[in-house]
Amino acid sequence: MQHYVDELGRLGRLALPLVFTQLAQMGMSVADTVMAGRVSAVDLAGVALATVVFWPLMLLVSGTIMAITPSVSQLHGAGRSDEAGEVVRQAQWIALVGGLVLILVYCNLTPLYHFVGVDPLALPVTEAYLNAVSWGVIPVLFYFSMRYLCEGLGWTLPAMIIAGSALALKIPLNYWFIHGGLGVPAMGGEGCGWATVIVHCYQACAMALIVRFSRINGAGLFARFSLPDGAAIKKLALLGAPIGLSTFFEFSVFSIMTLLIGRLGVETVAAHQIASNVGGLTFMVPLALGMAASIRVGYNVGAGDLDGARRSGWVAIGASFGFALVAAFILVVANDAIAGLYTRESAVLVTAAELLLLVAIYQPVDDVQATAIGALRGYKDTRTPFFVAVCAYWLVGFPISWSLGFGYFEAIDLGVYGYWVGLIVGLGVAAIALVGRFAYLSRNQEHVALLAQR
């Protein structure tokens, strides 16, 4: 029992800064939502329709370079931390090419919105936001690469400090660009995009300074320049692409839902965005626990302590489930008050409060599956979670959402609520499959050894 208590303490020391990091990162989206919502429902909907496309695509690339974390953590456990710098340099070539592709996509998404048929009132804000925020794509991807290096070496504090200061910078910048002043015109929702660009550049520069002038410099990231190494990039891509794709498929379900809900009008989109935002905030805790589990499991695998790796994963999953129960209780008893923090418009407020009850229901399954994925990544097991994501979200969850929310069956047309019901079912399937996968893999030493060679 003492081993589990000690492991909980180690996970807590890693996860607590990550929780604050993720909350601060999410806080920037909350700031966009709240501050744009205070301008108008149109601005809020415009920002929502932009971010639900921006982040899944961003996570596709940032998730791919997340291969840095398990790779570095296993090197760290094996006493080979000085090799980590080369891993990151090769991952940054992936970030550069992927970032350029993302910029091209972000600046040419208008046909997609017209095809889906979202409310045209919100489109000008959406287009302007995406054109602005694309300028910060490459800086934020380089920030992520250096953050994953620090986390892989078991140092999660720098990301927390940078994210907290970035949030403190983001809020006044948002106000300035939204409302104008000092020679800057009032931009409304578009201003959130320009504020984000400045914040992303700040994060990249701050993290580079920390890596260069701290103990992380021993990893040798800035020791030399490296040309692309095809074999190393291929190895990282094979490990990281399933991470990026599974993250993309999970978050793209939310995006497609939001785009389809866009047919229901700006008030419904605004309510859905509020519920998604609150759900995203609570999700940061299990996500951080999953990241901590990835670090601990990877370190233990690299050190040859497979019993410790299994223990790390189970402790993280249990802690995530406990948090989910607390979060669900708060959402049930305070749904009206929470929705009221985001909007003053009565139509939006009522729908958002009702959606928060559904957010409470999906907390346990969403939190457990997120942490289980992190634990599996510590083993470098990324392909199975990818297939689980595709099946659970797109073959189970989305068809149910489409059927119940889009009115496919005339007798059952739940509107926006139907989309959330399908999401809950899909997440439930994912949680069961991923926890089962962890239970199997953590006891299969031969399979663990095989994955460690990737």
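Just so you know, in the stretch 124-138 the residues that are crowded, with 19+ Cβ neighbours inside 10 Å and hydrophobic (A, V, I, L, M, F, W, C) include one that is farthest from VAL61 (Cα to Cα), and it is VAL125.
Number of residues in the stretch 259-279 that are in a helix (DSSP H, G or I) and farther than 22 Å from LEU23 by Cβ: the value is 12. In the stretch 80-93, the condition of being within 30 Å of ALA309 (Cα to Cα), touching an Asp or Glu at 6+ places or on another chain (Cβ under 8 Å) and not charged (D, E, K, R) is met by at least one residue. Condition check for ARG437 on (1) under 30 Å from ASP307 (Cα atoms); (2) at pLDDT below 85: one failure, at (2). Taking the listed residues SER246, SER255, the one that is touching a residue at least 40 places away in the same chain (Cβ under 8 Å), buried (at least 22 other Cβ atoms within 10 Å of the Cβ), among the hydroxyl-bearing types (Ser, Thr, Tyr) and within 30 Å of GLY418 (Cβ to Cβ) is SER246, with no other qualifying. The number of residues in the stretch 140-161 being part of a helix (DSSP H, G or I) and under 17 Å from the mean Cα position of the chain (by Cα) comes to 12. Taken over the stretch 117-137, residues that are in contact (Cβ under 8 Å) with a residue 24 or more places away in the chain and either touching a His at 6+ places or on another chain (Cβ under 9 Å) or outside any helix (DSSP H, G or I) (or both) amount to 10. With the structure loaded, tell me whether MET187 is part of a loop (DSSP other than H, G, I, E, B) and either in contact with a strand residue (DSSP E or B) (Cβ under 6 Å, 6 or more places away or on another chain) or surrounded by 19 or more Cβ atoms within 10 Å (Cβ to Cβ) (or both) or whether it fails that test. So MET187 passes the test. Put simply, of TYR393, TYR342, TYR419 the only residue that is assigned to a loop (DSSP other than H, G, I, E, B) and either among the β-branched types (Val, Ile, Thr) or buried (at least 23 other Cβ atoms within 10 Å of the Cβ) (or both) is TYR342.
Of all residue pairs spaced 6 or more apart or on separate chains, those with beta-carbon atoms under 6 Å, a first member in the stretch 368-389 that is farther than 10 Å from PRO70 by Cα and a second member that is among the hydroxyl-bearing types (Ser, Thr, Tyr) and modelled with pLDDT under 90 are PRO385/SER246; PHE386/SER246; ALA389/SER246.
Just one residue in the set ASP336, ASP307 is acidic (Asp, Glu), more than 30 Å from GLY154 (Cβ to Cβ) and at pLDDT below 90; that residue is ASP336.
The values are calculated or read from the model by the stated rules, or taken from the named source; none is laboratory data. Given the structure is predicted, the values throughout are model-derived calculations rather than measurements. Note: ideal-geometry Cβ built from the backbone for every residue, glycine included; neighbour counts use all protein chains shown.
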